[in-house]
1. Give me the net charge for the shell around His146: Cβ to Cβ below 13 angstrom, other residues only, Lys and Arg +1, Asp and Glu -1.
2. What percent does the relative contact order of the range 19-170 come to when contacts are Cα pairs within less than 8 Å and at least six residues apart?
3. May I ask you to list the trypsin sites (Lys or Arg not before Pro) in the range 71-170 that are in a DSSP loop and have at most 14 other Cβ atoms within 10 Å of their Cβ?
4. Counting only protein heavy atoms and using a 1.4 Å probe, what share of the accessible area of the chain belongs to carbon plus sulfur, as a whole percent?
5. For the chain, take the convex hull of the Cα atoms, compute a quarter of its surface area, and give me that in nm², please.
6. Rounded to the nearest angstrom and ordered from largest down, what semi-axes does the equivalent ellipsoid of the range 127-170 get from its C-alpha gyration tensor (root of 5λ)?
Amino acid sequence: IFERGVQLARRSSDEDLIARAEYWLGYYCYARGDLRRSIEHSDIALGLARRLENLRLEAQVRATLGQALTSASQYDRALENLDAAIEVKQRFGRGSVHMAVGSAYTLACKGVVFGDRGDFKLAHECFAQAKALLRGSDHQVSSSMHAWLGLVYLWQGRWEEALRTAETAV
């Protein structure tokens, strides 16, 4: 369905429509674990969003791209995109619950990058910011964030904390 959406958008020649269709296909591929295709489609969407000077769409695409790059262990590029997405979301999304949830997951991905690189202080700072944005919410992103945090605890050898955190991720 998402691939068909990209085909139809391309037929229309509407760059905004194409950018959004490519974004959603990239997002879908990320959710399915197809990181190569997610990055490919997100890069296309990012180029179009930049050309259109659509900062909100660019931030949305950069967040998904950064998340996919994190999962693909392409950390330098991941941080570049995650930071850019957070900056724009903070500028435009003050007070928005949607911004908080998206930014929380983006911050959790940053925490994973720092954790895998062994900078556990920065990793835990990112997770603390993410938790603050979620304000105790039971949103699905909370489970994903706790799963990532559990992974960082495992890298630290903090087995009991990893177990407790994983139990809250279900």
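The values are calculated or read from the model by the stated rules, or taken from the named source; none is laboratory data. Everything numeric in this text was worked out from a predicted model, so none of it was measured. Backbone-built Cβ (ideal geometry, glycine too); neighbour counts: all protein chains shown. Just the protein is used for accessible areas: all its heavy atoms, side chains included, with ligands, DNA and RNA removed. Shrake-Rupley method; radii C 1.70, N 1.55, O 1.52, S 1.80 Å.
1. Working: positive: Lys131, Arg164; negative: Asp138, Glu161, Glu167.
Local charge sum for His146: -1.
2. With pairs under 8 Å counted, the relative contact order is 15 percent.
3. Within the range 71-170, the qualifying trypsin sites (Lys or Arg not before Pro) (loop, at most 14 other Cβ atoms within 10 Å) are Arg94, Arg117, Arg135.
4. 53 percent
5. Directional mean of the projected Cα hull area for the chain stands at 9.7 nm².
6. Values: eigenvalues 67, 23, 11 Å².
Equivalent-ellipsoid dimensions as semi-axes: 18, 11, 7 Å.
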